[in-house]
Amino acid sequence: SFSLQAKMSRPVQARRLEGIDKNIWVEFVKLAATYSKVNLGQGFPDFPAPDFLTEAFMRALSGGNHMLHQYTRAFGHPPLVKVLAQFFEKLLGRDVDPMTNVMVTVGAYQALFCCFQALVDEGDEVIIIEPFFDCYEPMVKMAGGTPVFVPLRPNPPKDGKLMSSADWQLDPAELASKFSERTKAIVLNSPNNPLGKVFSRGELGLIAELCVKHDVLCISDEVYEWLVYDGKQHIRIASLQGMWDRTVIIGSAGKTFSATGWKVGWVVGPNRLLQHLRTVHQNSVYHCATIAQEAVAQGFQRELMLYGKPESYFVQLPKELQQKRDWLVQSLDGVGMKPIIPEGTYFLVADISQFKSDVPEVPNSDEPYDYRFAKWMVKNKGLAAIPLSAFYSEAHKNNYTNFIRFCFAKEEATLKAANDILQKWKQEKTS
């Protein structure tokens, strides 16, 4: 007899999800919420978004235009795609059509998803530079592609100075060896999360040359484009010869305007690529919040008028963050963690190899040292950070287990509290 209580016997999970169900953020966000007094793990500011942006949101919310509460154009609110096109015309030195060369997404995360789903097919290989933002690998696999990894290799300075993110470099021969007839795309993240590396013109030229030679696409994740320090310049690979036609640029209002919860991102690129992203977009989320897009559009309009001027938020924010970076560098260096000074982003990686005696071994565990250290630190010291090996493939992660990542885009009070924890820890070690 037929029973309504009968359980399904067939597998319910799609095969494309096999092996990608684990996510470091689920585990470490829970640990931080449970134990941390100071959370320098997750990559979001704990200071307010700029007043001009929140005021724009309030105007959109309470103003007389009731249509801002309804659907707008699916591929991007017209005022937003128009001002983004104006901005990128200035940045790239070329014409950018707001309707065909720009698409608005639910954060940069959805922009990445659209790229991989639209451009990567079964059997395609996608080159990923390590360390990498952790969603790249599962998104490539979900699209049916095969990730191919190439690491940035550290070259410590011989003068005893602290290492910089610029000291982590690609081996040109190793990179070239990863390109084959199966290579469909390379993922470039500059400035890089988690390392903070800003790729130089020479490094980008090498990547561009290989892309053109092998007829390969470039998915360029540039969400930290405005957050560069020490006079460094963010160079957009799409501006190099031969690259506009094969590059998709990804940006984020969350990182640009310190409002990560708004989830407004975008892609910029040639219509021959974006037309396929639009197909994925219209058949997935379809649409982004109209009011948030309106407020971001007003934010960009302000910045377009102030472009390059001292009062521009894009000038002020990196200055403030560079001071916060330097403060955290000093705090970590003072207790024996050797920070790698980032050229960009709001992340800082530190060497924790001198702390192995502090962290007890876990019997019958193959968990990497950086994972054990980060868990021990948040439980015993109340300070949350993220293990660096989480940003590496299985093949390479065991080579990079002596580092953890901190976020310094925090209030001064937060960074002071972190420093207090570190100073107390130092006193305990020396007493």
Query raised in the report: Which lysines, on any chain, are close to LYS82 with Cα under 17 Å apart, when same-chain ones fewer than 8 places away are left out?
Result: LYS90
Report task. Would you mind checking the radius of gyration and Dmax of the stretch 51-306 based on alpha-carbon positions, in Å? Result -> 18.5, 63
**Report entry** Whichever lysines have a C-alpha closer than 20 Å to that of LYS426, once near sequence neighbours (fewer than 8 apart) are set aside
**Finding:** LYS37, LYS338, LYS356, LYS375, LYS379, LYS381, LYS416
Query raised in the report: How far is the Cα center of the stretch 87-162 from the Cα center of the stretch 386-418, in Å?
Result: 20
Query raised in the report: Principal axis lengths of the stretch 304-358 from Cα atoms, whole Å, largest first?
Result: 55, 15, 12
Report summary line: Projected onto the charge dipole of the stretch 342-391 (unit charges on the beta-carbon of Lys, Arg, Asp and Glu, signs +1, +1, -1, -1), the Cα from PHE391, VAL362, PRO342 with the largest positive-side position is that of VAL362
Report summary line: Answer check: the stretch 75-117, Cα atoms, Kirkwood Rh, Rg/Rh ratio of 1.00
Report summary line: Taking Cα pairs closer than 8 Å and at least 6 residues apart, the relative contact order of the chain in percent is 23
Query - Point-to-point label distance, ASP171-GLN423, nm (Cα→Cβ direction, 7 Å offset) - result: 4.4
Report task. Nearest 5 is fine: what % of DSSP beta bridges in the stretch 51-306 come out antiparallel, could you say? Result -> 35
Query raised in the report: So how compact is the stretch 2-65: Cα radius of gyration and Dmax in angstrom?
Result: 22.5, 63
Query raised in the report: Just the Cα atoms of the chain, one point each, no solvent: what log10 I(q)/I(0) does Debye give at q = 0.06, 0.08, 0.14 Å⁻¹?
Result: -0.26, -0.47, -1.38
Report summary line: Note on the chain, DSSP bridge orientation, antiparallel percent to nearest 5 equals 50
Query raised in the report: Which value does Rg/Rh take for the stretch 151-263 over its C-alpha atoms, Rh per Kirkwood?
Result: 0.99
Query raised in the report: What does the accessible area per residue of the chain come to in Å², with a 1.4 Å probe and no ligands, DNA or RNA counted?
Result: 45
Query raised in the report: Along the positive direction of the dipole of the stretch 13-100 (beta-carbon charges: Lys, Arg +1; Asp, Glu -1; about the Cα centre), which of GLN13, MET99, PRO48 reaches farthest?
Result: GLN13
Query raised in the report: Where does the charge balance sit around PHE87 when Lys and Arg score +1, Asp and Glu -1, over other residues with C-beta under 12 Å from its C-beta?
Result: +1
**Report entry** Alpha-carbon radius of gyration plus Dmax, which is the widest Cα pair, for the stretch 382-423 in Å
**Finding:** 13.3, 39
Requested in this report: Give me the net charge of VAL267's neighbourhood, meaning all other residues with Cβ under 12 Å from the Cβ of VAL267; Lys, Arg count +1, Asp, Glu -1.
Outcome: -1
Query raised in the report: To two decimal places, what compactness ratio does the stretch 78-228 give when its Cα radius of gyration is scaled by 2.2 N^0.38 Å?
Result: 1.11
Report task. Principal axes first, then extents: for the Cα atoms of the stretch 298-431, list largest minus smallest coordinate on each axis, whole Å, largest first. Result -> 60, 40, 21
Report summary line: For the stretch 51-306, the dipole about the Cα centre with charges only on Cβ (Lys and Arg +1, Asp and Glu -1), to the nearest 20 debye, works out at 400
Report summary line: Counting Lys and Arg as +1 and Asp and Glu as -1 over every other residue whose Cβ sits under 10 Å from the Cβ of ASN193, the net charge comes to +1
Report task. For the stretch 337-431, give the percent of accessible area contributed by carbon and sulfur heavy atoms, probe 1.4 Å, rounded to a whole number. Result -> 44
Requested in this report: Could you tell me which GluC sites (Glu not before Pro) in the stretch 387-426 are loop residues by DSSP with no more than 15 other beta carbons within 10 angstrom of their beta carbon?
Outcome: GLU394, GLU411
Query raised in the report: Within the accessible area of the stretch 51-306, what % is carbon and sulfur when the probe is 1.4 Å and the other protein chains stay in place?
Result: 50
Report task. Would you kindly state how much longer the chain becomes between MET67 and GLN86 on full extension, computed as 0.36 nm times their sequence separation minus their alpha carbon distance, in nm to one decimal? Result -> 4.4 nm
Query raised in the report: In the stretch 17-105, which trypsin sites (Lys or Arg not before Pro) fall in coil by DSSP and have 10 or fewer other Cβ atoms within 10 Å?
Result: LYS22
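The values are calculated or read from the model by the stated rules, or taken from the named source; none is laboratory data. The structure presented is a predicted model; accordingly, all values stated were derived computationally and were not measured. Backbone-built Cβ (ideal geometry, glycine too); neighbour counts: all protein chains shown. These accessible areas exclude ligands, DNA and RNA; they are computed on the full protein's heavy atoms, side chains included. Shrake-Rupley method; radii C 1.70, N 1.55, O 1.52, S 1.80 Å.
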